[in-house]
1. Could you give the length gained on full extension between Glu311 and Val464, defined as 0.36 nm per residue of separation minus the Cα-Cα distance, in nm?
2. Which value in deg cm²/dmol, rounded to the nearest 500, describes the helix-derived mean residue ellipticity at 222 nm for the chain, given -39,500 (n - 2.57) per DSSP H run of n ≥ 4 and division by the residue count?
3. Using a 1.4 Å probe, what is the accessible area per residue for the chain, in Å²?
4. Note the per residue figure in Å³ for the convex hull of the C-alpha positions in region 27-139.
5. Which FRET efficiency value, to the nearest 0.05, do you get for Asp161 and Ile443 by plugging their Cβ-Cβ distance into 1/(1 + (r/R0)^6) with R0 = 35 Å?
6. Farthest toward the dipole's positive end in region 27-139, which of Leu125, Ile45, Ser81, given Cβ charges of +1 (Lys, Arg) and -1 (Asp, Glu) about the Cα centre?
7. Can you give the extra length, in nm with one decimal, that the chain gains between Leu125 and Leu426 once fully stretched, where that is 0.36 nm per residue apart less the Cα-Cα distance?
8. Please give every one of the aspartates and glutamates within straight-line cross-link reach of Lys358, meaning a C-alpha to C-alpha distance under 15 Å, and leave out same-chain neighbours fewer than 8 residues apart.
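The values are calculated or read from the model by the stated rules, or taken from the named source; none is laboratory data. All figures in this text were calculated on a predicted structure; none of them were measured in a lab. Positions of Cβ are generated from backbone atoms using ideal geometry, with glycine treated the same way; all protein chains shown enter the neighbour counts. Side chains are part of the model used for accessible areas, which takes the heavy atoms of the whole protein and leaves out ligands, DNA and RNA. Shrake-Rupley method; radii C 1.70, N 1.55, O 1.52, S 1.80 Å.
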Amino acid sequence: MVPIKWIMTRDTTKKNIDFSLTPPPADDTIIAVSSPYGRGAIGLIRISGPLVLSVLNRLCKPVSGSKFLPRKSVLSEFLSSDGEFIDEGLVVYFPAPNSYTGEDVAELSFHGNPLILRHFILESLKIEGIRPAEPGEFTRRAYLNQKLDLPRAEAVTRIIDAKSDYELIAGRKMLRGELGKILSRFRSAMISLKAETEAEVDFSTEDLTFENREVRIKTIRSLIDEIDRILEKSAVASRIAGGVRIAIVGLPNAGKSSLMNAMLGWDRSIVSHIEGTTRDYLSEDMEIDGVGVKFIDTAGLRETSDEIEKEGVRRSKSEIQKSNIILHVIDSKSGKIDSIDSVREFMQSAKIIHIFNKSDLAEKQGDADVFEGEESIFLSCKTGENLGLLKEIIKNIIFTNPSSKDPMLLEERHRYHFERIKTALLRVIELWHQNAPDEIAAIEIDSALSHIGEISGKVSTEEVLGRIFSMFCIGK
Ligand SMILES: Nc1nc2c(ncn2[C@@H]2O[C@H](COP(=O)(O)OP(=O)(O)O)[C@@H](O)[C@H]2O)c(=O)[nH]1
Ligand SMILES: [Mg+2]
């Protein structure tokens, strides 16, 4: 029998999924293509729910005549409901609860043609009780069956969508339960705090009170410090994971396009001694140490009456505004050093590197003192001298913060609740300083605890789950 409380908690308006109760098995069976759309060597269909075995028995026939054994790969023919041959491939059957979703699951590999996959799915849908899966529904069921907590479910999307090695590393750490461990540490610290605070309510006449409070305030302060560290670490990581933008600026003919090409390792930009060759900005992506980097070759920012070039200058300015690093290229041979005040005017908090280019033509580095306190480097795009050093300097800027090498990437939702936990904890300290009754402090501790539960997914609403799982692809 399904406990009534469980049914109530599945109501869309209710919170608090009580995991002490066994969730009822989902009564419908879902099916979806889990491989990417298009043709390929293999196309994968996933099925989850009570009717998995019915599908296998009706539409899959083991070639050797054997049965579908738990977690054993079985070569099978895939048939239509009329017994017509559709394809052949492997079937793996995962009986509940030892499966991704915690329900009966089967994974079927076909030849990777969407027409074949569609044919099989249409045949399966003829069986009553089977329906197409919604986005993220397999992982949602895994979460509801406690196969993973919410941060780990979110990490699944993160690793599928990661655009750089850096983001992938961060996603993997979450998938392995990094946040869950932190949360359970927070949770047990706060449960003790609450127990001590409540004990004080009961024995408030005893005079140990004051000292205990001081100890507890210390504990709370260290929790707040840890939240600050986590939020800072995550801010750094999300800046890096979002990609680093590097704009190349300087006078015409300084060698901006040459530098862009040299960094990329191929000729993206037209290089010419004719001034004003680059009239619009050009950009190209690459990776430096697993971090996505976008190089932007700007049109020189000069006053011009040419309408096209004017527009190029306007666009370049807006690119510079969005950049994290500015490479200011100077022609050391000509010795002309532009002040780039016009660039500084609209750049945000970007770091500048001054590049004295064409070292092969110049005797010695130009007057680097002009840019005192800022990074400068003497190099040649032609011979490649010091290009490696420039990459090192860029890397050091990207990874200024040592913790950024060990990324912790929180979702927006996690950050929101960490902020709320911090607010509640600060309030507890404030209440104690004001000698407010402990009952009130206990309420704030409860509020902090419930925000921890929201991050981990111990407490959740249909709305939050809907938002998280709708970001998934179908079949995951
Ligand atoms: N000798 C030498 N010539 C260079 C170097 N870098 C660029 N040039 C030349 O300088 C001219 C202008 O280069 P370009 O990259 O088009 O400059 P931009 O106008 O700043 O984009 C071209 O003729 C390049 O071949 C370098 O390191 N050494
Ligand atoms: Mg150019």
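1. Result: 50.7 nm gained on full extension.
2. It comes out at -14000 deg cm²/dmol, rounded to the nearest 500.
3. I get 51 Å² per residue for the chain.
4. On the way: hull volume 10.2 nm³, N = 113.
Convex hull volume per residue, Cα atoms: 90 Å³.
5. Given R0 = 35 Å and the Cβ-Cβ separation, E is 0.35.
6. Towards the positive end, the residue furthest out is Ile45.
7. So the extension gain works out to 102.9 nm.
8. In chain and number order, the partners are Asp331, Asp367, Glu385.
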